[in-house]
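Just below is one structure, and these are the notes that go with it.
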Amino acid sequence: MPDAAPLGAGGVGPPVSVEVGPPLTALGRALFLRPAVEVAPLLLGGILSRTSPEGTVAVRITEVEAYLGVGEDPGSHSFRGQTRSNSVMFGEPLRLYTYFTYGMHTCANIVCSAPGTASGVLLRAGEIVEGVDLAQHRRGPAVKLRDLARGPARLVVALGIPLDDGGADLTEVPYALRMPVHPSPVATSPRTGLGGPGGTPVYPWRFFIPGDPTVSPYKRHPRLPPFETA
């Protein structure tokens, strides 16, 4: 039976309920054999949790970005082929691909597509729906509740995802991923902060729940010319 997960726990909106399924098992991996651009919008409204000795933190996913594979997507880490650092992207779907950026932040992605294809979904933002106090401790007491996981690096810190969790199976402890029973509203835009062709409207692969206060603001890369966004 699906669960009714309380929302608004992060204090960013009125308490409502959304149905999510049980934690995905290895049998749910088939859904993630699809390209990331198909999987990404399906993740909106889903809940990802991570349990550590400190406790459990869960986030309702409100914003993601899709990245495709070799030769398909100039914004993707896998565009030019497999390397040691991106090898997880070329492996089994429904695993965690982590990377370090700007010399200080870790970001987390869910691997999609058949092994060898190398597409993935970047987890960009969400609402903390369990473990608010722990997420607040990790992010700092002055951080507003809506901002606890509002951005890819912030989401990783709130959930307590370490860089060396790259390759972790999201069907196994300490992770649990619950998919929404009903699709969420979806808006799209170019991907945020990317320079070069991958950040243009040719690749409108940022997916988010419109009007949700935990969605991060869109930022066009300064090297790109102005264009309209959602």
Listed residues PRO210, LEU48, ILE110: farthest to the positive end of the dipole of the chain (Cβ charges): PRO210
Stokes-Einstein translational diffusion, segment 3-208 - Kirkwood Rh over all Cα pairs, 1.567 mPa s, 4 °C, in µm²/s: 77 µm²/s
Highest-fluctuation residue, VAL59, VAL202, VAL39 considered, GNM on the chain with Cα pairs under 10 Å: VAL202
Under the Karplus curve 6.51 cos²θ - 1.76 cosθ + 1.60, θ = phi - 60°, whole-Hz ³J(HN,Hα) for segment 139-155, x wherever Gly or Pro sits: 8, x, x, 8, 6, 5, 4, 5, 9, 4, 10, 9, x, x, 6, 5, 4
Gaussian network model of the chain, Cα within-10 Å springs - most flexible of GLY166, GLY103, GLY193: GLY103
Rounded to the nearest 20 debye, dipole of the chain from Cβ charges on Lys, Arg, Asp, Glu: 600 debye
Fluctuation leader among PRO210, PRO152, PRO53 - the chain, Gaussian network, Cα springs under 10 angstrom: PRO53
Computed [θ] at 222 nm, deg cm²/dmol, the chain (DSSP H ≥ 4; -39,500 (n - 2.57); rounded to nearest 500): -3000 deg cm²/dmol
Phi to ³J(HN,Hα) by Karplus 6.51 cos²θ - 1.76 cosθ + 1.60 over segment 206-212, Hz, x for Gly, Pro: 9, 10, 8, 7, x, x, 6
Under 5 Å, built H, 5+ apart or other chain: amide partners of ALA149: GLY126, ILE128
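Every read-out reported here was derived from the displayed coordinates using simple, explicitly stated rules and does not represent laboratory data. A quick note: this is a predicted structure, and the numbers were derived from the prediction, not measured. As a convention, Cβ positions derive from the backbone with ideal geometry for all residues, glycine included, and neighbour counts pool all protein chains shown.
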